[in-house]
1. Please tell me if N167 is at pLDDT below 90 and out of contact with any Asp or Glu (no Cβ under 8 Å at 6 or more places or on another chain).
2. Go over the candidates L113, L108 one by one and state the one that is over 23 Å from R245 (Cα atoms), at pLDDT 80 or above, surrounded by 11 or more Cβ atoms within 10 Å (Cβ to Cβ) and out of contact with any Leu (no Cβ under 8 Å at 6 or more places or on another chain).
3. Could you list all residues from the stretch 204-235 that are acidic (D, E) and free of Cβ contacts under 8 Å to residues at least 60 places away in the same chain?
4. Within the bounds of the stretch 240-258, is there any residue that is over 20 Å from the mean Cα position of the chain (by Cα), closer than 23 Å to N166 by Cβ and assigned by TED's automatic domain parsing to the domain that holds K164?
5. With D209, D231 as the choices, which residue is surrounded by fewer than 17 Cβ atoms within 10 Å (Cβ to Cβ) and part of a loop (DSSP other than H, G, I, E, B)?
6. When you scan the stretch 78-104, how many residues do you find that are modelled with pLDDT of 70 or more and crowded, with 17+ Cβ neighbours inside 10 Å?
7. Among the candidates K202, K246, which residue alone is charged (D, E, K, R) and assigned to a loop (DSSP other than H, G, I, E, B)?
8. R146 - would you say it is assigned by TED's automatic domain parsing to the domain that holds P255 and part of a strand (DSSP E or B)?
Amino acid sequence: MVFLKRIITIIIIFSLLIAIVSLFLPSKYEVAKNVFISADVYATRNYLEEQNQSNLLFNFPDFETDVEYDVTNVDDGVDVTVYLELNYGFNPITKFYGLFAYDELEELTNNELEKIKVEIEELPKIHKVNVQIKIIDKPIWFLSIRDTVTQNGMNNIHGKSYEKINNYIDSINIEKIMSPITIYHSWSDTVIDVEIGIPISKEIVIFEDEIKLSNIDAGTYVSATHYGSYDRLPETYFGINEWMRKNKVIVIGAPWEMYITDPAKELNSKKWETTINFPIEKIKE
């Protein structure tokens, strides 16, 4: 019994010593880190804001984390300075861990910063695009097939739809007047509502269940040309969206693409031209 009392006394004294010593230990880990990121300033800020609001930015489960950051536009990219504070709280054990785990925390911070850099640089880049306001003074009639597909289904839908529409156009001997188009009525991670069409010279009556007569409305459009392969179209979309955000235009309908270059005739994807168009409210002069 005496031995047990001594053990308990030693434990109590040891715990008190740890608690007293911990009062003089740092209660937080503070660091400022700088990194250059080859990305657009708007895309970088947007990414950091989204991650921070979702508590995914420097999320260390064992600590209360406070993150601030500055983003500075520089040549060929941005400089990002992150101010990170990990609070150990008043738990003596956590404080002692923080004291001896400084190198580990430093490595975790550097790894997290590198991960952020890689993820931002892998985002579609906002490059400079020649955005114009285009006026369409009369409707553009086209024959189309509309469907809802998955992301994987997008790989095959264009070719099949264009073949069906072309065959129908040949059968009724109507004139094609422009390059093929695609209208994206809605787009989510799971389902895409897409309409594939070929413009024709006039309004006609259709006797076909799958193929419909549709039209692009007359009106005002934000338009830009994408040069290159289709898998890089998001880069031009980003540029257009940035232009529309800065100029405070109001989009009133679904965007549509027109494929100026026929990939079957021009094999070099760098030479492909695609126009992207957004219907907008008429801009006040």
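1. No; evaluated as a whole, the condition is false for this residue.
2. From the options L113, L108, the qualifying one is L113.
3. Listed by number, the residues that qualify are E208, D209, D231.
4. Within the stretch 240-258, one or more residues are over 20 Å from the mean Cα position of the chain (by Cα), closer than 23 Å to N166 by Cβ and assigned by TED's automatic domain parsing to the domain that holds K164.
5. One residue alone meets the criteria, D209.
6. Of the residues in the stretch 78-104, 4 are modelled with pLDDT of 70 or more and crowded, with 17+ Cβ neighbours inside 10 Å.
7. K202
8. yes
The values are calculated or read from the model by the stated rules, or taken from the named source; none is laboratory data. Computed from a predicted model, the values in this text were never measured in an experiment. Don't worry about glycine lacking a Cβ; one is built from the backbone with ideal geometry, like all the others, and counts go over all protein chains shown.
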